[in-house]
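Peer 1: I have a structure I would like to understand better, so I am pasting it below and will then ask my questions one at a time.
The values are calculated or read from the model by the stated rules, or taken from the named source; none is laboratory data. Keep in mind the model is a prediction, meaning the values are calculated, not measured. When we count neighbours, we look across all protein chains shown, and the Cβ atoms used for this are built from the backbone with ideal geometry, even at glycine.
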Amino acid sequence: MKRKFMKASEQRYVTTCLKAFTIIICVAVLFGCARPTTHIKAFSMASEELATQAILGYEVLNETTVQRKIAEVAADPKQLPDEDTFVGLLEGNKNLAIRMMALDYLRDYSAAFGDLSTADVRTDINEASKDLYGALIGLKDTFKKETGKDVGIGDDDLAIIATAVDAIGDVIIEAKRRGAIKTIVIRADPAVQNVSKLLKDEIPTFAEFVKSNLSTIETEMIKSYQERAEGLTFDQRVKYIQRIRKQHQIVRDTENFFKDVGTAAGMLGTSHAALREAVEENKFTTPELIQQIGELVDFTKSLRKFHKELIESK
Amino acid sequence: METLRGNISDAVNELNKLLLKTTDPEEEGKIRKLRRIYFALWEEVIKQEIDSRTHEFKEAIDSLKGAHDAAVQAKEDLQKIPEAINRAVAAAKAVDRIVKLGIDLLA
C-alpha cells in the first residue's frame, strides 16, 4: 500500500510540476494576447492547481497517519501490523472524505469553465458544459450531505447556466460566450464561497495532528538510533542522523504548510469573488484579476515545495 | 478557546519527549501504549461533534492539562515518570468519557 501511495504521489508530483509549468507559460503568453476570455482561462488553471494542492493537504493528513501507525508497530516488536495499521484518517472518516470530494468538484468546476472560455468549436463547448454541470451538481449534493445546508446553487441556477451556454450557438459568438461565463461565475459564486469557507476554517486545525504524526515518527527514529548507535560506525551514525534531520525539517515545516493550504482554500473564494466583481461589470480582464492570477500561481509554489520534501523524505 | 485537540496534541508531544528520556522497557511500553490510545481518541475527536459546554468537557481539559504538567515535571525528574503515566491514563479516561471509544486503558 505504501509503495502504491509513493508511486501515485510521485506521479502526481510530476503532473503537478508540469501543470505549474504550463500555467506559468500560459499566464505569460495569455497576458500578451488579445482575446478577453484568455485571462479567465489562466485564472481557472491557477484555481484548478490550487484546489489540487488543497486535496494534497488532505492526502498528507491521511498518509502521515498511516506512516505514524507503521512507525508505532515497528517500534514495538511485540506488535504486528493488522488491517487497522493501514487505515488512514480519511478511510475511517466519511466526513473528511466528503470534503475531499467537494474539493474535487471545485477543481473540476475551475477546469470546466476555463475550457468553456477558450473552446473553439461547439463540440468542445458541449464537453466543457457537461463537465461544468457535473461539477456543480456534485458540489451541491456533496455539501448538502456533509453540512445539511444548501451550498448556494439550486436547480434554477443550473437551468439558467444551461440556457446561457446554449445561447453561445453553433458558431461561437464571443459576446454570447462572455455572457455565459458571466452567468456561470455569478450563479456559482455562492457555492464556491461556501465550500471555500468550510475548508479554510477547517484545514489549519489538522496541522497539529499531522505534526504529531510526524514527530512521533521522528521520536521513534531517535529512539531506534539511541538503541543502535553503539553498534554503528561513524559513517553509519552520520547517515542515520541525517535521516532524522530530514524528518525534523518536515515536522518543522508542517505547520506552515497547513496554514498555506488553508489560505489556498480561502484564496479560491477570494479570487472567485474578484472574478465575479469583474464580470459583473462586463470586464474580463482587470488589473485586480491579473494580480489574483499572479498570486495564485505564486502560492502554489510554496505548497508544492513542501509536498516534494515530504515525498523525498520517504 | 480551549480545545480537546490542542490539549491532546500537547499531551502526545510530552509523551514523545518522555519516551526519549526513559530507558526503562516497562515505562517505554506504557508510554507507547498511551500514545496509541491518545491518537485513537484524537481521531475520534476529529470525527465527532463535541459539545464544549459540558461538565465532562471541562474535566477532560483540566485532566489533560494536569497530565501535560506532570509529564513536563517528569522530564526533569525521571523518578516522576510513573506519576506522569498515571496522570496521562486518568486524562485519557476523561476524554474517553466524552467520545465513548471504550478503549482498553491501562490499569
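Peer 1: List the number of the failed condition for A:Asn282; all other conditions in (1) out of contact with any Leu (no Cβ under 7 Å at 6 or more places or on another chain); (2) at negative phi hold.
Peer 2: That leaves (2) as the condition not met.
Peer 1: Another question about this same structure. Testing B:Lys58 on (1) charged (D, E, K, R); (2) in a helix (DSSP H, G or I); (3) under 25 Å from A:Tyr58 (Cα atoms), one condition comes back false. Which one is that?
Peer 2: Of the numbered conditions (1) charged (D, E, K, R); (2) in a helix (DSSP H, G or I); (3) under 25 Å from A:Tyr58 (Cα atoms), the odd one out for B:Lys58 is (3).
Peer 1: What number of residues within the range B:8-43 satisfy the criterion of being in contact (Cβ under 8 Å) with a residue 40 or more places away in the chain, closer than 18 Å to B:Val99 by Cβ and either within 8 Å of another protein chain (Cβ to nearest Cβ) or surrounded by 21 or more Cβ atoms within 10 Å (Cβ to Cβ) (or both)?
Peer 2: Total meeting the criteria: 6.
Peer 1: I've got another one for you. Restricting to the range A:286-298, give me the number of residues that are surrounded by fewer than 19 Cβ atoms within 10 Å (Cβ to Cβ) and either closer than 13 Å to A:Met45 by Cβ or touching a residue at least 40 places away in the same chain (Cβ under 8 Å) (or both).
Peer 2: The qualifying residues number 2.
Listed here are the residues, each with its yes/no results for (1) charged (D, E, K, R); (2) within 13 Å of chain B (Cβ to nearest Cβ); (3) in contact with a Lys or Arg (Cβ under 7 Å, 6 or more places away or on another chain); (4) touching a residue at least 60 places away in the same chain (Cβ under 8 Å).
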{"site": "A:Glu208", "(1), (2), (3), (4)": "yes, yes, yes, no"}
{"site": "A:Thr219", "(1), (2), (3), (4)": "no, yes, no, no"}
{"site": "A:Arg228", "(1), (2), (3), (4)": "yes, no, no, no"}
{"site": "A:Thr233", "(1), (2), (3), (4)": "no, no, no, no"}
{"site": "A:Tyr240", "(1), (2), (3), (4)": "no, no, no, no"}
{"site": "A:Arg243", "(1), (2), (3), (4)": "yes, no, no, no"}
{"site": "A:Lys246", "(1), (2), (3), (4)": "yes, no, no, yes"}
{"site": "A:Val251", "(1), (2), (3), (4)": "no, yes, yes, no"}
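Peer 1: Would you confirm, using the coordinates I've provided, whether B:Lys47 is of a type in the set (Lys, Arg) and free of Cβ contacts under 8 Å to residues at least 12 places away in the same chain?
Peer 2: Considered against the rule, which asks whether it is of a type in the set (Lys, Arg) and free of Cβ contacts under 8 Å to residues at least 12 places away in the same chain, B:Lys47 comes out as yes.
Peer 1: Could you list all residues from the range A:139-152 that are part of a helix (DSSP H, G or I) and hydrophobic (A, V, I, L, M, F, W, C)?
Peer 2: Those that are part of a helix (DSSP H, G or I) and hydrophobic (A, V, I, L, M, F, W, C): A:Leu139, A:Phe143.
Peer 1: Among the residues of the range B:68-89, count how many are part of a helix (DSSP H, G or I), over 15 Å from the mean Cα position of the chain (by Cα) and charged (D, E, K, R).
Peer 2: Residues meeting the conditions: 3.
Peer 1: Just one of the numbered conditions (1) within 19 Å of A:Ser224 (Cβ to Cβ); (2) in contact with a His (Cβ under 8 Å, 6 or more places away or on another chain) is not true of B:Lys17; which one?
Peer 2: B:Lys17 satisfies every listed condition except (2).
Peer 1: Say we look at the range A:49-89 and pick out the residues that are within 14 Å of another protein chain (Cβ to nearest Cβ) and within 15 Å of A:Leu199 (Cα to Cα); which of these is modelled with the lowest pLDDT?
Peer 2: Here the answer is A:Tyr58.
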